[in-house]
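As structure tokens, the structure follows; a few thoughts come after it.
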Amino acid sequence: MTMPEQKKPKQKTLVVKIGSTLVANRQRLTPRFGFLQQLMDDITRLRESGTNVILCSSGAVALGLRTVGETPESAGVSDKQAAAACGMPLLLNAYRQIGHEFGIDIAQVLLTLGDFEHHRRFLNTRNTVFRLLEAGVMPIVNENDTITTEEIRVGDNDRLAAKVAQMADADDFIILTEVDGLYDRNPAEEGAKLIEEVVDVAPYMAATQGKSTLGTGGMTTKLMAANIAQEAGCTTYISHGEVDRPLTWVLEGKQRCSRFPAHDVPSTGWERWIANRLQVAGRITVSDAVADEIAEGDRPVRREDILSMNGDFTRGDVLHVFDEAETERARGLSDFTSEELRVLTVNADLDAEQLLGYRTKGEVIRAKNLVPLEGRHLRWNVNDELGGG
């Protein structure tokens, strides 16, 4: 049952994502208490100034690897799930101990992909986070790595944190990492320059491959996360975490970083939830003419519009709408299951009510549930596997 929607706190909200390499010592795989002390000291300043802070902290898997006798290089999927179970208490205990010094109460919020992709669970999780903030408790959000499999996991804490920022209507989103931000090339190369402001992340995606040995995300996932947050009306920063005041200096403009300003006129919460997906449930292709009409707004997708379809989905899943050039143009909620839609498209000349056994207009995606993608919104590649993150 969906709870009554909790009101957003009146204070400003900041979501902070912390990478594994900042939290866990690379050699010993133990908590880096010095860094955590600096972080919590800075969070205290923000809270005292009236800003709510939500942490999305990596590190549970890294901290638990030694317990299960593995290393970042040797660990398989089941090893990492077991390591997450061992490392999560160590991670939370480190935050709890240091938080106690500053009078900060913490709460753990474990999420899976479904908590973001199913709207009722999305709202229920949002209500829980808001209630914690109302009580003065700092939520620490993680993916539930112990139980998630490849098919049902977010896969990286960068995008998870961005979805939390969207969920919480955050004003700012800071990703703390080992580099100052986004560079125009590998930062180890001579002449590499920091890109201080990025309005559109798309041109930089191809040059951001690679990830750390401790984490599951590299700069590519950070750009994807920044785009999700931008579309939610949230300004994002990617910054080096190894400074005295890693958060306040970024927000005050005193720290080198890459800034991703929020896009103008953010859409409604409903539209943001539909448009910002972590997983493809299904896809349909329509003609270029239909796609152009959808882009103009207030136009549903009808059964006769569909040229092809792919994926197994249920009623209420989000479908990705492509044109004939295989460019993604919109996303929207399906009114039919994939089985029903196949019946409707194969038998296009027969009455929809006769085929399905119930009254329907034959609208696959209603206009109110269909969101055209703006030019700066990252689109899915046509070759992305259905069900992938």
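The table for this structure:
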read-out: Simple spin-label estimate for ARG256 and LEU350 in nanometres, 7 Å along Cα-Cβ; value: 6.7
read-out: Residue (of GLY19, GLY282, PRO246) at the positive-pole extreme of the chain, dipole from beta-carbon charges; value: PRO246
read-out: Span-rule helices in the chain, defined as complete DSSP H runs reaching 24 Å or more along the axis (Cα) with Kyte mean at least -1.0; value: 77-101
read-out: √(5λ) per eigenvalue of the Cα gyration tensor, the range 224-346, largest first, Å; value: 39, 15, 12
read-out: Chain lengthening between ARG366 and ARG28 when straightened (0.36 nm per residue, less Cα-Cα); value: 116.2 nm
read-out: Packing rank of 113-119, 53-59, where each peptide gets the mean count of other beta carbons within 10 Å, highest leading; value: 53-59, 113-119
read-out: Relative contact order of the range 280-372, pairs being alpha-carbon contacts under 8 Å that are 6 or more residues apart, as %; value: 35
read-out: Ranked list, fewest to most other Cβ atoms within 10 Å of each Cβ, for LEU223, LEU373; value: LEU373, LEU223
read-out: Count, lysine Cα pairs under 14 Å in the chain, 8 or more residues apart or across chains; value: 4
read-out: Shape of the range 40-175, Cα gyration tensor, a/c cut at 1.5; value: oblate
read-out: Label-point separation in nm, GLU324 to VAL137, each point 7 Å along Cα→Cβ; value: 5.6
read-out: Relative packing of 315-322, 298-305, which averages over residues the other C-beta atoms within 10 Å, highest first; value: 315-322, 298-305
read-out: Approximate shape of the range 21-102 as ellipsoid semi-axes (Cα gyration tensor, √5λ), whole Å, largest first; value: 27, 12, 10
read-out: Rounded to 5, the percent of DSSP beta bridges in the chain classed as antiparallel; value: 40
read-out: Inter-label distance for THR128 and ARG379, nm, one decimal - labels placed 7 Å from Cα along Cα-to-Cβ; value: 3.6
read-out: Amide H within-cut-off set for THR337, under 5 Å, with H built and near neighbours excluded; value: ARG315
read-out: Among SER74, SER239, SER258: highest mean-square fluctuation, GNM of the chain, C-alpha pairs under 10 Å; value: SER74
read-out: Over the chain, volume per residue of the alpha carbon convex hull, in Å³; value: 149
read-out: Unit charges on C-beta of K, R, D, E only; dipole of the chain, Debye; value: 1340
read-out: Overall Cα dimensions of the range 91-135, principal axis frame, Å, largest first; value: 38, 23, 7
read-out: Radius of gyration and maximum dimension Dmax of the range 280-372, Cα, Å; value: 12.0, 35
read-out: Unit charges on C-beta of K, R, D, E only; dipole of the range 280-372, Debye; value: 380
read-out: Most fluctuating residue given options GLY282, GLY69, GLY181, as computed from a GNM of the chain linking Cα atoms under 10 Å; value: GLY69
read-out: GluC sites (Glu not before Pro) within the range 27-77, DSSP loop, no more than 10 other Cβ atoms inside 10 Å; value: GLU73
read-out: Computed over the chain: relative contact order in percent, which uses C-alpha pairs under 8 Å that are six or more apart; value: 15
read-out: Cut-off 15 Å between beta-carbons: net charge of the residues surrounding ALA325, Lys and Arg +1, Asp and Glu -1; value: -3
read-out: Chain lengthening between SER78 and LYS12 when straightened (0.36 nm per residue, less Cα-Cα); value: 19.8 nm
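Quick note: the coordinates plus some simple rules give every number you see, no bench work behind them. Source: prediction; values computed, not measured. Cβ coordinates were reconstructed from backbone atoms using ideal geometry, including for glycine residues, and neighbour counts include every protein chain displayed.
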